[in-house]
Amino acid sequence: MYGATPLEDIPSYNNIVRALTEWTGADALGADQTSVTDGIGGVAPAVSGASLVSGTVAAYGTGVGVPIIGNVRQKSIQGIDTRTGTTVDAATPTGFGVVPNGPTPITLASKTAITGTNPTRRYQVQLALGLLSQEKLIPTKFMASQLAIEITLANPNECIYAVTDGTASTTPPTYQVSNVNLIPEILEFDASYDESFLRGLQQGGVPIKFSTWNNYRFSNGQASVANLQIQERSRSVKSIFCMQRREAPLLSADSGATFFNTDTTTLNGASTLQDYQYRIGGR
């Protein structure tokens, strides 16, 4: 925002960033260091040892030696999974991602062996805003009002994936964000640059052009064909993406995932996404 004027507003920013990261990342299916420090990660072997034996983890495969693939964020960064592998270690959570680091014991469902809560993590991310990714510098020295970045946090069920052994936890997980810092690169120029910039402001202004994202949400109602009207006014369009996502976010599922099929009752129902097209104007 520039004063009270919003320059750029991107609803569902988190979903856009996740999709672009998974589609274009250098190691979207692995656990490279860059993705882990960004809090994204990929997939990795989830558990080892006895918990590879079939048990309550049988949904991921049965038999000794069956590899179980887990999410890197849940396994190594800040996840909790209370499922166990065998009756021998039934009192100990051996699911991947038991990594809280707080001082207070926590009880998830019937398990009490997790000895920490409130994990704290620090992340440094590059904001994917058009104003911050365009090639020109932002002339904060010549702005008449304050330039502010407003971040709206997602609800816990939109960004937390809490897996238990089937018994509901008494306290649903939540999160908070603190100590937020913007670390910009600030450049100072000599007086001649200031004079030429002021002349540009007086002679019609200095344009700063940037690209941004607009998104539109629709409900398909499990129909086989959907025609959706998008009221969009843009000078130019570089990219268009179509994604099917869960409408109601759940703590027990990855609410940011995209699906080829949104029919929850039939595996290959009428809502299996096979193809789509855009009609822009008469083209």
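Results for (1) in contact (Cβ under 8 Å) with a residue 40 or more places away in the chain; (2) closer than 17 Å to Val17 by Cβ, shown as yes or no for each residue.
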{"residue": "Val225", "(1), (2)": "no, no"}
{"residue": "Gln231", "(1), (2)": "no, no"}
{"residue": "Ser234", "(1), (2)": "no, no"}
{"residue": "Val237", "(1), (2)": "yes, no"}
{"residue": "Met243", "(1), (2)": "yes, yes"}
{"residue": "Glu247", "(1), (2)": "no, no"}
{"residue": "Ala253", "(1), (2)": "yes, no"}
{"residue": "Thr258", "(1), (2)": "yes, yes"}
In segment 171-210, anything among the polar types (S, T, N, Q) and either over 32 Å from the mean Cα position of the chain (by Cα) or assigned to a helix (DSSP H, G or I) (or both) is listed as Ser192, Ser196, Gln202, Gln203
Going through segment 124-147 in order, the residues found to be more than 13 Å from the chain's Cα centre (by Cα), surrounded by 11 or more Cβ atoms within 10 Å (Cβ to Cβ), assigned to a loop (DSSP other than H, G, I, E, B) and of a type outside the set (Lys, Arg) are Leu129, Gln134, Leu137, Ile138, Pro139, Met143
Free of Cβ contacts under 8 Å to residues at least 40 places away in the same chain and within 26 Å of Ala154 (Cα to Cα) - does that describe any residue in segment 184-195? yes
Candidates Phe218, Phe210 - the one that is under 26 Å from Glu8 (Cα atoms), touching a Ser or Thr at 6+ places or on another chain (Cβ under 9 Å) and modelled with pLDDT of 80 or more: Phe210
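The values are calculated or read from the model by the stated rules, or taken from the named source; none is laboratory data. Keep in mind that this is a model prediction, so the values were computed, not measured. Positions of Cβ are backbone-derived with ideal geometry, glycine not excepted, and every protein chain shown enters the neighbour counts.
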